[in-house]
Structures are given as structure tokens and as C-alpha cells.
Amino acid sequence: MKNVLSLALLAALPAAFAQQTAYGQCGGVTWTGATTCVSGYYCSYGNAYYSQCVPGTASTTTSTTAAVTSSTTTSRSSSSTTLVTSSTTTSATVSASACPTAFTSISAQSFITNMNPGWNLGNTLDAVPDETSWGNILTPASVFDDVKAKGFKGVRLPAPEPVTWADHFSTSSPSWTVTPAWMDRVETVVDYALARGLYVILNVHHDSWEWADFSASGANITMIEEKFVSLWTQIGTRFKCKSSLLAFEPLNEPVGTTAEHGAQMNRMNMLFLKTIRAVGGYNAQRVVTLVGLGEDSIKTSQWFEFPSGYESQPWALQYHYYSPYMFTFGAWGATTWGSDADKTTMEADIAGMRANFTDVPLIIGEWNAFAANTENAARWKYYDHLMKLGVKYNTATVLWVTGWDDLNRSTHVWRNEVDVNIVISGTKGIANSLPDSTTDTSATTQSSSAFIFHKVGDAVSAQTLPFQLNGNTVSSIKSSAKTLVAGTDYSVSGANIVFATSYLSTLYSATTAAGILDTLNVTFSAGAGSQIQVVQWDVPTLSTTTSKAVTGTDLYIPITWKGYNHIAAVRALKADGTYLFDDWTVYLPALQQARITYGQYGWDSSNAILWAAVQTAVVSAGQATTFMFEFFPRVPGNSVNYTLTV
Ligand SMILES: *[C@@H]1O[C@H](CO)[C@@H](O)[C@H](O)[C@H]1NC(C)=O
Ligand SMILES: *[C@@H]1O[C@H](CO)[C@@H](O)[C@H](O)[C@H]1NC(C)=O
Ligand SMILES: *[C@@H]1O[C@H](CO)[C@@H](O)[C@H](O)[C@H]1NC(C)=O
Ligand SMILES: *[C@@H]1O[C@H](CO)[C@@H](O)[C@H](O)[C@H]1NC(C)=O
Ligand SMILES: *[C@@H]1O[C@H](CO)[C@@H](O)[C@H](O)[C@H]1NC(C)=O
């Protein structure tokens, strides 16, 4: 995962197709269209699933001429290599004279099993230029107490999460020396996690699209390999005596699109293994999680080669999962998840990766459907199903978080506690009960049992919320005021929880002011508890409804929220009726057509926000554009319009 807002990334791809129009999609693992942009725009990498044509010119960190080194091809058949995949821990104690403490060998499968579920210390050690640059505090040791107490077994970091090293090279010669202060800092954070018995994956993170982008046009492969070897020599040396709870990952989400790039990543895996072993210590027995191109299942399946010559090294394969992009990233109005088709697609992905690598320990090192841009019930179904499939296909998972979404590292408060509780119990194979929600994408209204929505002005009446109980029964429902009385305040009928008019009347009336009135905690006979937010709602209002578009400027539109402060989707229609972005969304269901993507829009406690690229696009289009902001509940009328003129 890269911070989409903070990095301008380039993907200089071969011009195999016609050029993509301004702001159109130009890349992503399932993308088959144009990968270059019209003049004045370049293809900016957003994430593994989405690149977009944005104004400007790609900047590259290397301007040298390519000296493409062909890689040695190794057999991808597992029968030609002896994998260390036994599911039991071997208790052999190995000694290395240079290390002060003994080392307990562990198989890659045991490591992966033992660290499940894992948690990423995202946007922290990998932040640019420094640990606190993306809004997180200097990581305190207590973060790992919180993570462990919650039930996570491991953390992915460059020390307990992804680290970006490129910003910490010494400026003096030799230029590829990591500053001692940074190496100390990473070691401190790694030690915090190891000391708590957490399994740790340390990696080289955003470097993959900075100096280590071997797919960039003109990339100097010799230089990249030299730098990569230099970096892993330094990291390998510093951490060579750490316990077997520490694993290494060579490079996060290596960028590329072709078989040649895939082969280059295989070569990087081999260089990595050679390098860490050469510096000694316990590195030859240390678990590593190797990666394929993009760290996505498809390119990894296509091009990853088993490392030959390193049969004794315990290794697992890591990939990342954020599919479907449109749901997990809040693109094109995709606010539902959980239909049979959605579940089948997810299962095909997880089962397919397992089938492609039958005897390899597998770990999904990053995944999430972000709370900021998803609807609660849809997200909880997604979380739960992925955990189920992880158990079914023996694949460990490591949740990606940024510090703004789940654990508040200062206050130790989990902001979306239901999310993590689903992960913890789901990983144990325990059935969770979940609020149901609309899954039919062609529906014109969407309901969710994660909320009791009541509109200002409506009479109070009983509310029926369908759940997926999954074999459990409802144990208790608590409001901030009391424990609800079953049979009086609510009743359970089949899989429905029915809240009585008499009880709801104690929470709101037709004239209660809009807002979140309470949160009901629901517990079940097994699995994670759930929450129902009680929302009195009305249609939010904007302080102004039009302005002239200004290139390159973020637009903050003051908003008066009336209920649940969350934008569900934004539709952008030009005056002539065509779409501002992504014309092809005409083929999507009605609630998705012409909708733009979270990240193009946002909100805070008092504003609806259109980020700069949107105003720029309106100016480029040369036409007034009307933005329809839609809110939850997604029902007709719960929206407001704003027009940008030119
Ligand atoms: C590529 O990098 C290597 C190693 O740093 C350097 O010796 C070589 O001159 C570079 N090649 C070009 C064409 O700049
Ligand atoms: C399994 O490998 C095949 C062949 O490379 C590929 O088409 C398929 O997408 C892979 N499955 C997954 C889930 O990536
Ligand atoms: C954590 O909570 C504190 C207190 O509510 C708040 O000031 C801070 O912004 C939060 N941190 C993050 C990263 O959200
Ligand atoms: C509901 O659960 C949350 C934790 O998930 C807790 O902070 C809150 O106090 C609980 N509220 C009630 C009314 O029990
Ligand atoms: C917003 O504009 C659309 C047409 O683009 C229209 O159908 C809808 O009624 C408008 N909504 C409001 C609240 O004016």
C-alpha cells in the first residue's frame, strides 16, 4: 500500500494501446486498456488496482539508460525444490558464533500460522520523509501491547511494519549507507514487537516505486541491484542475530507489468537471499516472505519462480489483497458487498492462489476495505468472508491500517472495534453474526442493519433489522442507558431483530434533532459482537451551491450534517450530460453511473471536499459540472447538488 495522496508515482509503460484520456484509468492488475496518457498527462500509480492519467510529467528517480540484465530462469515446479513447509516447529537450536543468543529454527509454515492474524504498522516507518510525517506519533512500545492484547499475533513493519529506507540514506559518501540514527530507530521498533512475543515481518517498502522501480523507462538495473544489495547487506547485518520471530520481505509491491519485470523481481529475490545469507548470523535459517511482481496474486502466479539454490531457506510467499478495488477504495459508488457473486469471486481469488501454489506457505501481507469509504455492514461481511477463506485455504492475513482508522496509538482506543473483533474470531474459525445489508447492486435504495435510520418528521414505528446469525443466537443488546429487555424492547424473529415502537420512542420522536443518538452493542452466543448506530437523519445542506472552478485548488464546501456524517457517493455530470470521469461507468448499475472515487472527494466535520484534481478536470473539460453528493441511507432524495462553473 502506498499513500496515494502523498506520492506522485509514475508508471512509464509501453505504448501498446491508444492513449488514455485525461483522468482515465491507465493501469491496475485487471486493467487491459490504454496504459499511456494523452499529451500533458502521465499515468500516476495509485495502487496495485488503479493508475490514473493526471496532469504533468512523470518524474523518475533514475535518468540513466537501461542496461537490462536478463534473469536466470528457474523451474517454477515445486517438485524441483525441497520446500521447508512442514507445519510443525522444529526445535533444533543452531548456534552462530557471532551471535550472543541461541536461535530456535522455525519452518515458514509455522511462522505464518503463528503470526495469524497480523497487523501492519502502516504509514509510520514507511512515511516520507519521517515516521511522524503522515500524522502518526513516534511509535511507542505500548502500540504492541495494544495490538497483542486485542489478539493479533504478528506485525508487519520494517521493524514492526513497512519501512521506507530511501529517505534515510546518508547524503555523504558512500551514498547508499542508511543513516545510523534510522537503523537504530528501526531496530528499536522491531525490538518493541519481538520483546512482546509478536512475529515480525520487516521489509523495504515505498522504495519499490522510488529508486527500486526497475520497470521505469530508462531504469538503470545495475544501479538498482547495487543499491538493493547494499541496503539488504546493511539491514541483514543489523538484524542477523535477532530471534526466529523476525522475518524479512525483500521489496513491497514491486512495480511492473511485463514478464521481463517479473523475471527481474525473481532476480531480486535471489539477490536478497544471497545477500542476507552472506552477512551471516542466523539469516540462513531465518524465515523470509518472498514476493512476485506487484505483490498481487495474478502477476505472482504468472511470473514468480521458486528460488533455486536456496532450498534450505525457510520461505513463504506473500501477496496483497484489496479486491474488488471499487468496493475497498470507495470507487464509482460501489457501497454494497456480500452477494453470492461477490463471495464466489473472492473465493476464486483465494482458492486460486492456493491452487497455484499448493505446497507453499501463503500470507496476505496487506488487505483491507477501508472504514472511511465503506458502509459498515458491507465491510463487516467482507472482513468476515475473507477470514473464513483464510482459514479454509490455509492463508494467513495481515490487516493494513494507517493509524487514522483503527487503533488510536495515543489513546489506545480502537475506533472500529467490530472490525478487528471480526478478524480475531474469524481467524480462529468462529462463526460471526453480521448485520445484513442490500447486496443487489441494481437496487435503487440500499438498507443496512448496522443502523437504525429514522428520518426527521416521520412517525416512530417498529424497525426490523435482518441479520446473518450464522448459527448463533442474540445474547444481549445494550444501549448507553440500559440492557434492553428481550420480548419487550426487542424481539428476535428468525434472523430479524425487531425493535419495538415503545422502545424506539424512548430514543427519538418525529422532532428530535438530527444526529447519532446512541450506539447499541449486540452480543451473540459466539463470535464478535456487533453495533447498531441509532441515527436521526435529514438531508444535509450546503452553505453555497455553486462556484467557479479553480485549477489546482482543493474546494471545501461548508456542510451542515444531519445525522451520519459520511458521504456515500458523488456523481459528476457535465452540462452536456456526459460524465466528468470514467465514461465507462455508464455500464454500471444506476447507483454507480458517473460516480467518482473517494480520494477525488472527501469530507470532514464541517465540509464536503472536492480535491484539486476535480476542479482541474472541470476547467479542462470547459463545461459546468454538477456534483450530486449522496449520503447514507442511500435512498432517493438524500443528496444535495453543487455546481462548478467555468
Ligand atoms: C548505471 O549504474 C551503474 C552503477 O551505479 C553505473 O556504474 C553506470 O554508469 C550507470 N549506467 C548509466 C548508463 O548511467
Ligand atoms: C493462477 O494462475 C493462473 C495462471 O498464471 C492465473 O491466470 C490465475 O489468475 C492465478 N490465480 C490467481 C487467483 O491469481
Ligand atoms: C487520537 O485521539 C486523540 C484524542 O481524541 C486525537 O487528538 C488524535 O487526533 C487521535 N489521533 C489520530 C491519529 O487520529
Ligand atoms: C459498546 O462497545 C464499545 C467497545 O466496542 C464500548 O467502548 C462501549 O462502551 C460499549 N457501549 C455499551 C453501551 O456497552
Ligand atoms: C440534483 O441534480 C440532478 C440532475 O443532475 C437532479 O436529478 C436532482 O433532482 C438534483 N437534486 C437536488 C436535490 O436538487
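Listed values, structure above:
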| quantity | calculated |
| --- | --- |
| Centroid-to-centroid separation of segment 523-547 and segment 202-262 [C-alpha atoms, Å] | 43 Å |
| Per-peptide average of other Cβ atoms within 10 Å, ordering 452-463, 423-434 highest first | 423-434, 452-463 |
| Residue-by-residue Karplus 3J(HN,Hα) for segment 432-448, coefficients 6.51, -1.76, 1.60, Hz, glycine and proline x | 9, 9, 9, x, 7, 7, 4, 10, 7, 5, 8, 5, 9, 10, 10, 10, 8 |
| Positive dipole terminus of the chain, leading residue within Asn269, Phe152, Ser606 (C-beta point charges) | Phe152 |
| HN-Hα J in Hz across segment 131-143 - Karplus 6.51, -1.76, 1.60, θ = phi - 60°, x for Gly and Pro | 3, 9, 5, 9, x, 8, 7, 4, 4, x, 4, 4, 4 |
| Taking the C-alpha atoms of segment 541-644, convex hull volume expressed per residue in Å³ | 91 Å³ |
| Lysines whose Cα lies under 21 Å from that of Lys455, excluding same-chain neighbours fewer than 8 positions away | Lys562 |
| Segment 604-610 - phi-based ³J(HN,Hα) in whole Hz, Karplus 6.51/-1.76/1.60, Gly and Pro as x | 9, 5, 9, 9, 8, 10, 10 |
| Protection proxy ranking of 400-406, 486-492, 541-547 - average other beta-carbon atoms within 10 Å, highest first | 400-406, 486-492, 541-547 |
| Other-chain or far-sequence residues with amide H under 5 Å of Val155's (modelled H) | Trp119, Tyr199, Val200, Ile201 |
| DSSP bridge orientation in the chain - percent antiparallel, rounded to nearest 5 | 65 percent |
| For Thr643, residues with placed amide H under 5 Å, excluding near neighbours | Thr546, Ser547, Phe627 |
| Sorted by Cβ neighbour density within 10 Å, fewest at the top, the residues Val586, Val570 | Val586, Val570 |
| Value of relative contact order over segment 108-430, rounded to a whole percent, pairs C-alpha under 8 Å and six or more apart | 19 percent |
| Angle in degrees between helix 180-195 and the longest Cα principal axis of the chain, rounded to the nearest 10 | 70 degrees |
| Other-chain or far-sequence residues with amide H under 5 Å of Val360's (modelled H) | none |
| Helix axis angle, 259-278 relative to the chain longest principal axis, alpha carbon, degrees | 60 degrees |
| Exceeding the 19 Å Cα-Cα cut-off - candidates Lys150/Lys482; Lys343/Lys388; Lys153/Lys240; Lys242/Lys428; Lys150/Lys343 | Lys150/Lys482; Lys153/Lys240; Lys242/Lys428; Lys150/Lys343 |
| For peptides 436-446, 367-377, sequence by mean Cβ density within 10 Å, most packed first | 367-377, 436-446 |
| With Cα atoms, 0 to 90° folded angle of helix 221-239 axis to the chain main axis | 90 degrees |
| Spatially proximal aspartates and glutamates relative to Lys548 (Cα-Cα < 18 Å; intrachain offsets below 8 disregarded) | Asp576 |
| Order of Leu290, Leu465, Leu504, Leu386 - criterion: other Cβ atoms within 10 Å of each residue's Cβ, fewest first | Leu504, Leu465, Leu386, Leu290 |
| Where only alpha carbons of the chain are counted, the Rg and the Dmax (Å) | 25.4, 78 |
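None of the figures in this text is laboratory data; all of them are computed from the coordinates on show. Everything numeric here is computed off the predicted structure, so don't read it as measured data. Positions of Cβ are backbone-derived with ideal geometry, glycine not excepted, and every protein chain shown enters the neighbour counts.
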